[in-house]
Amino acid sequence: KYLNGNQGAVFLINQHRKDKEEEYMELAACYAWDKVKSLEKKIYQGEGLAGQVWQEGNAIYIDDVPSNYVNISSGLGKAKPTHILIVPLKGNKKTYGVLEIALFESLEPYKIAFVEKIAQNFALTLSSVRMAEKTQTLFIENAETKLILAERTQQNKQFQQQISMLGDNLKVLKVNHQGYIEAINSFLGIIEIDKNQTILNVNDKYLEFSFYNYQDLLTKNYKKLIKSGYETSNSYLDIWDALAKGL
């Protein structure tokens with residue numbers, strides 16, 4: 001109302017674009033024209049008057065606009081104003097978009113300066129809001145990261161506890177296994193022989209009832225302990241054949 005403008009629009013640079021997507025401006029707010037159609041409009045840097053203001057960072061004021069000029073070079077749609085003012089929304093040396101106003105009468109320099117000041121305050125406010133949004137997003141992401149780390153730490157603690165329990169169980173199994181071995185060695189004579197019938201080891205119980213000492217049997221052939229002639233018998237050969245086959 002202060003400017004006696006009949007149409008206006010705010011185009012903001014898209015901040016939610018994908019990494020490789022080219023920057024563009026899109027309609028964020030409007031006054032007195034077909035908003036639905038303009039919502040789909042994208043303005044790229046250097047494209048038309050609005051794109052030129054974005055690219056150069058300086059306001060453009062056009063007097064005596066031809067009746068068909070708006071449709072070609074402006075983002076204001078179907079209106080046919082005679083004057084157009086496009087001001088960058090610029091704060092802290094960064095442009096966030098443009099403010100575009102269409103009028104039927106000329107603007108005095110002080111009114112243009114007024115709009116530029118308003119646009120600067122607008123940009124600074126927008127910068128603060130976006131910074132707050134970014135801070136909030138980072139805060140949420142940080143909180144989510146901490147939660148994930150906490151869950152992983154808890155999982156690691158549980159995993160370590162499980163490992164510790166498995167280690168304790170393994171120790172018990174080893175003790176029990178050693179107990180079984182000692183019990184077997186206490187009651188049974190045991191002799192270890194390889195596939196070539198070479199004696200690898202004997203326990204004390206075996207030496208006790210065989211009346212041999214350890215050195216007498218170690219590395220000797222098992223045939224030393226059997227009755228002469230038995231090594232060629234079918235039963236003896238069958239035993240070693242089964243052992244060779246893992247039966």
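The values are calculated or read from the model by the stated rules, or taken from the named source; none is laboratory data. Just so it is clear, the structure is predicted and the values come from calculations on it, not from any experiment. Don't worry about glycine lacking a Cβ; one is built from the backbone with ideal geometry, like all the others, and counts go over all protein chains shown. In case anyone asks, the SASA skips ligands and DNA or RNA and just uses the protein heavy atoms, side chains included. Shrake-Rupley method; radii C 1.70, N 1.55, O 1.52, S 1.80 Å.
Go through region 202-242 and give me each residue that's assigned to a loop (DSSP other than H, G, I, E, B) and open to solvent by 70 Å² or more (accessible area, probe 1.4 Å).
PHE211, TYR212, ASN213, THR219, LYS220, LYS227, SER228
Going through region 106-120 one residue at a time, which ones are assigned to a helix (DSSP H, G or I) and loosely packed, with under 12 Cβ neighbours inside 10 Å?
Correct list: PRO109, TYR110, LYS117.
Six or more apart or on different chains, Cβ under 8 Å: which pairs go from a residue in region 86-99 that's in contact (Cβ under 8 Å) with a residue 40 or more places away in the chain and on the phi > 0 side of the Ramachandran plot to one that's of a type outside the set (A, V, I, L, M) and not in a strand (DSSP E or B)? Could you list them?
Partner pairs satisfying both residue conditions: GLY97/TRP54.
For region 228-246, which positions are over 14 Å from LYS195 (Cβ atoms) and of a type in the set (Gly, Ala, Ser)?
Scanning region 228-246 gives SER228, GLY229, SER233, SER235.
Condition check ((1) of a type in the set (A, V, I, L, M, F, W, C); (2) in contact with a His (Cβ under 7 Å, 6 or more places away or on another chain); (3) closer than 26 Å to VAL98 by Cβ) across all residues:
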residue	(1), (2), (3)
VAL129	yes, no, yes
THR137	no, no, yes
ILE140	yes, no, no
GLU151	no, no, no
LYS157	no, no, no
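Residue-by-condition table, conditions (1) out of contact with any strand residue (DSSP E or B) (no Cβ under 8 Å at 6 or more places or on another chain); (2) at pLDDT 80 or above; (3) among the charged types (D, E, K, R):
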| position | (1), (2), (3) |
| --- | --- |
| ASP194 | no, yes, yes |
| VAL202 | no, yes, no |
| LYS205 | yes, no, yes |
| LEU217 | no, yes, no |
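Residues LEU138, LEU99, LEU89, LEU103: which one is open to solvent by less than 50 Å² (accessible area, probe 1.4 Å) and either modelled with pLDDT under 90 or among the polar types (S, T, N, Q) (or both)? It would help to see each step written out before you state the result.
Details: LEU138 fails: open to solvent by less than 50 Å² (accessible area, probe 1.4 Å); LEU99 fails: either modelled with pLDDT under 90 or among the polar types (S, T, N, Q) (or both); LEU89 fails: either modelled with pLDDT under 90 or among the polar types (S, T, N, Q) (or both).
Step by step, each of LEU138, LEU99, LEU89, LEU103 is checked, and only LEU103 is open to solvent by less than 50 Å² (accessible area, probe 1.4 Å) and either modelled with pLDDT under 90 or among the polar types (S, T, N, Q) (or both).
Residues of region 1-55 being at pLDDT 85 or above, farther than 17 Å from VAL87 by Cα and among the aliphatic types (A, V, I, L, M), which ones?
The answer is none; no residue qualifies.
Collect the residues in region 154-201 that are open to solvent by 60 Å² or more (accessible area, probe 1.4 Å), part of a helix (DSSP H, G or I) and of a type in the set (A, V, I, L, M, F, W, C), keeping them in residue-number order.
PHE159, ILE163, MET165, LEU166, LEU170, VAL172, LEU173, VAL175, ILE181, ILE184, PHE187
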